[in-house]
Amino acid sequence: MDKAFLFDLNGTMIDDMQFHLKAWYHILNDELGANISWEETSSHMYGKNTELLVRIFGKDRFTQKEMDHLSVEKEKRYQQEFKPHLKLIPGLHEFLEKAHAMNIPMAIGSAAIMFNIDFVLDNLNIRHYFKAIVSADDVSISKPHPETYLKCAAALGVEPGNCLVFEDAPKGVEAAQNAGMPAVVLTSTTLHEKEEFAVYNNIIQYITDYTQLSPAALVKAMAV
């Protein structure tokens, strides 16, 4: 199989972005005194956790050790609140099973730390579907830089143009475009408006879940 599927994780495989937003909102405002709105917090929800802290507070507010601690603390709170709701987006398990049966190599390319990725993969028992995982710790520059998805492609041994990216965020779609990859956009879980994706020319399909999505049909569409 010369095609591959690359998945963002949060908001693309699981519907959890509101839980991430809530965790960050309370830490940033109640504990760190950022005094920013829910909407402004949402606008910073991309890239690595440490990058988010630098964007809001500047590069001199925290040491790297302090940012690493805050990052893990935020994820602990997110996991505790989200775990009772943890499940794949409708239709995704069946989609992964069909793609796996077709021997389509799959990878996860996420700005999350492995602490969060392991939380999802192990609790949902889906690790076996993915031949490669690229986390925040594996890249120097976060999305929209293409490094995340280019590393996924390299790990799978598939040319970038033959990789289809599944995303829910404009920065992720931009990362795919910068990597020369087409994208499928999930619109039901995103913190963004659909109009924000209009500037990208690599989107081949918008979906609300995976129930009507066919791996075979997507592979065929990529060949056109």
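Determine, yes or no, whether LYS194 is in the same structural domain as GLY109 (by TED's automatic domain parsing), closer than 19 Å to ALA107 by Cβ and out of contact with any Cys (no Cβ under 7 Å at 6 or more places or on another chain). Considered against the rule, which asks whether it is in the same structural domain as GLY109 (by TED's automatic domain parsing), closer than 19 Å to ALA107 by Cβ and out of contact with any Cys (no Cβ under 7 Å at 6 or more places or on another chain), LYS194 comes out as no. Only one residue in GLN212, GLN205 is touching a residue at least 60 places away in the same chain (Cβ under 8 Å), farther than 20 Å from PHE19 by Cβ and surrounded by fewer than 18 Cβ atoms within 10 Å (Cβ to Cβ), so which one is that? Exactly one residue qualifies, and that residue is GLN212.
Give the residue, chosen from GLU159, GLU196, that is among the charged types (D, E, K, R) and within 30 Å of MET67 (Cβ to Cβ). Before you say what the answer is, go through the steps one by one.
Working: GLU159 fails: within 30 Å of MET67 (Cβ to Cβ).
Of GLU159, GLU196, the one residue that is among the charged types (D, E, K, R) and within 30 Å of MET67 (Cβ to Cβ) is GLU196.
Scoring ASP209 on the criteria (1) charged (D, E, K, R); (2) more than 20 Å from ASN10 (Cβ to Cβ); (3) at pLDDT 95 or above leaves a single failure, condition (2).
Being at pLDDT below 95, of a type in the set (Phe, Trp, Tyr) and closer than 20 Å to THR148 by Cα, is that true of even one residue in the stretch 121-131? Among the residues of the stretch 121-131, not one is at pLDDT below 95, of a type in the set (Phe, Trp, Tyr) and closer than 20 Å to THR148 by Cα, which makes the answer no.
Within the stretch 67-80, residues that are among the polar types (S, T, N, Q) sit with their Cβ atoms under 6 Å from residues that are in a helix (DSSP H, G or I), at 6+ positions apart or across chains, in these pairs: SER71/ASN49; GLN79/PHE119.
Of all residues in the stretch 106-123, how many are among the aromatic types (Phe, Trp, Tyr) and free of Cβ contacts under 8 Å to residues at least 40 places away in the same chain? So that I can check it myself, show each step before the final result.
Step one: of the stretch 106-123, the residues among the aromatic types (Phe, Trp, Tyr) are 115, 119.
Retained after the next criterion (residues that are free of Cβ contacts under 8 Å to residues at least 40 places away in the same chain): none.
Final tally of qualifying residues: 0.
Could you tell me whether the stretch 121-136 includes any residue that is of a type in the set (S, T, N, Q), out of contact with any helix residue (DSSP H, G or I) (no Cβ under 6 Å at 6 or more places or on another chain), over 23 Å from VAL173 (Cβ atoms) and not assigned by TED's automatic domain parsing to the domain that holds ASP168? No, because not a single residue in the stretch 121-136 is of a type in the set (S, T, N, Q), out of contact with any helix residue (DSSP H, G or I) (no Cβ under 6 Å at 6 or more places or on another chain), over 23 Å from VAL173 (Cβ atoms) and not assigned by TED's automatic domain parsing to the domain that holds ASP168. In this structure, HIS128 does not qualify as surrounded by fewer than 21 Cβ atoms within 10 Å (Cβ to Cβ) and either closer than 13 Å to ILE14 by Cα or of a type in the set (Asp, Glu) (or both).
For the stretch 46-101, which fully contained helices (runs of 4 or more DSSP H) count at least 3 residues that are surrounded by 14 or more Cβ atoms within 10 Å (Cβ to Cβ), at pLDDT 95 or above and assigned by TED's automatic domain parsing to the domain that holds GLU174?
Numbers: elements: 49-57, 64-82, 92-101.
Where helices (runs of 4 or more DSSP H) fall fully within the stretch 46-101 and carry at least 3 residues being surrounded by 14 or more Cβ atoms within 10 Å (Cβ to Cβ), at pLDDT 95 or above and assigned by TED's automatic domain parsing to the domain that holds GLU174, they are 92-101.
The values are calculated or read from the model by the stated rules, or taken from the named source; none is laboratory data. If you're wondering where the values come from, they're calculated on a predicted model, not measured in any experiment. When we count neighbours, we look across all protein chains shown, and the Cβ atoms used for this are built from the backbone with ideal geometry, even at glycine.
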